[in-house]
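A.B. asks: Got a structure here, written out as structure tokens. Questions coming.
What follows draws every value from the coordinates through simple rules; no lab data is involved. Model, not experiment: these values are computed from the prediction. Glycine also receives a Cβ, built like all others from the backbone with ideal geometry; neighbour counts cover every protein chain displayed.
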Amino acid sequence: MIPESLHTRENRAILTFLSGSSCHSDLALRLYEATEHLEDASEHCTDVQNYGFVVHETQGVIFAAAWGMQEIGFRLDAKRVRIALETGVRAVPEIGPEWVAFAPFRAGAPAMDLAFWATCAYRFAQGEDPS
């Protein structure tokens with residue numbers, strides 16, 4: 001379940017995008033593994049029994065999400081978005097310019113350091129300078 005406290009203006013676009021989505025359990029596990037080192041990050045799932053989408057947040061800001069069969073999204077600062085796009089990830093303009101999607105199970109894709117990107121997204125959500 002997504003706590004009511006996350007239904008904010010800042011999170012509206014990602015929650016609208018994810019509405020009604022499911023999430024493969026392997027994908028949710030990959031996101032969990034990428035974020036488990038982040039001290040105060042919390043994980044929320046809309047419906048664990050029926051494989052609902054998953055979001056991770058810190059201080060009320062959603063910074064990561066997993067949906068569908070193959071995508072994990074991170075909310076990043078503009079500099080990191082550019083770098084991520086150069087590595088071949090997908091922009092997700094339907095959520096907003098800060099969101100990119102990684103496909104960790106895509107055949108032939110280079111290995112992705114999801115923990116690195118999760119840390120970047122976490123710090124951005126906390127308002128830290130990404131430099």
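A.B. asks: Treat each spin label as a single point 7 Å out from the Cα along the C-beta direction, and report the Asp129 to Ala111 distance in nm.
C.D. replies: For the pair Asp129/Ala111, the computed spacing is 3.3 nm.
A.B. asks: Please give the length that would be gained between Arg12 and Glu36 if that part of the chain were fully extended, namely 0.36 nm times their separation in residues minus their C-alpha to C-alpha distance (nm, one decimal).
C.D. replies: Details: separation 24, 0.36 × 24 = 8.64 nm, distance 2.45 nm.
Answer, rounded to one decimal: 6.2 nm.
A.B. asks: Once amide H atoms are placed 1.01 Å from N in the peptide plane, what residues at a sequence separation of 5 or more from Gly68, or on another chain, have their amide H within under 5 Å of its amide H?
C.D. replies: Those lying under 5 Å, H to H, from Gly68 are Ser22, Cys23, His24.
A.B. asks: Dipole of segment 69-131 (Lys/Arg Cβ +1, Asp/Glu Cβ -1, origin at the Cα centre): which of Trp99, Met112, Phe124 lies farthest to the positive side?
C.D. replies: It is Met112.
A.B. asks: Is the C-alpha gyration tensor of segment 1-52 telling us rounded, prolate or oblate? Criteria: a/c under 1.5 is rounded; beyond that, a/b larger than b/c is prolate, otherwise oblate. Could you put the intermediate results ahead of the total?
C.D. replies: Working: a/c = 1.92, a/b = 1.16, b/c = 1.65.
Since a/c reaches 1.5 but b/c is at least a/b, the shape of segment 1-52 is classed as oblate.
A.B. asks: What span do the alpha-carbon atoms of segment 26-66 cover on each of the three principal axes, reported in whole Å from largest to smallest?
C.D. replies: 27, 19, 12
A.B. asks: Would you mind classifying segment 63-105 by shape? Square roots of the alpha carbon gyration tensor eigenvalues, ordered a ≥ b ≥ c; an a/c under 1.5 is rounded, otherwise it is prolate if a/b is larger than b/c and oblate if not. Don't jump to the answer; show the numbers that get you there.
C.D. replies: Details: a/c = 1.95, a/b = 1.35, b/c = 1.45.
Because a/c hits 1.5 or more and a/b fails to exceed b/c, segment 63-105 counts as oblate.
A.B. asks: Give me the tail of P(r) for the chain as a percent: Cα-Cα pairs with distance above 24 Å. Present the calculation step by step, with values, prior to reporting the outcome.
C.D. replies: Details: 1568 of 8515 pairs.
The answer is 18 percent, as a whole percent.
A.B. asks: Right, another one. Let me have the relative contact order for segment 15-131, percent, based on Cα pairs under 8 Å that are six or more residues apart.
C.D. replies: The normalised contact order for segment 15-131 reaches 26 percent.
A.B. asks: Moving on to the next point. Hey, rough spin-label estimate for Ile83 and Glu4, points 7 angstrom out along Cα→Cβ, what's it come to in nanometres?
C.D. replies: Taking the two extended label points, one gets 4.0 nm.
A.B. asks: Using the Karplus curve 6.51 cos²θ - 1.76 cosθ + 1.60 with θ = phi - 60°, what ³J(HN,Hα) values do you get for each residue of segment 13-30, in whole Hz, with x for Gly and Pro?
C.D. replies: 5, 5, 5, 5, 4, 7, 3, x, 7, 10, 8, 5, 4, 5, 5, 4, 5, 4
A.B. asks: Turning to a different aspect of this structure: With a sphere of radius 10 Å drawn around the Cβ of Leu76, what net charge do the other residues whose Cβ falls strictly inside it have (Lys, Arg +1; Asp, Glu -1)?
C.D. replies: Values: positive: Arg75, Lys79, Arg80, Arg82, Arg123; negative: Asp77, Glu98.
Surrounding charge for Leu76 is +3.
A.B. asks: Gain in length, Ser21 to Gln59, computed as 0.36 nm per residue apart minus the alpha-carbon separation, to one decimal in nm?
C.D. replies: On the way: separation 38, 0.36 × 38 = 13.68 nm, distance 2.37 nm.
Gain in length upon complete extension: 11.3 nm.
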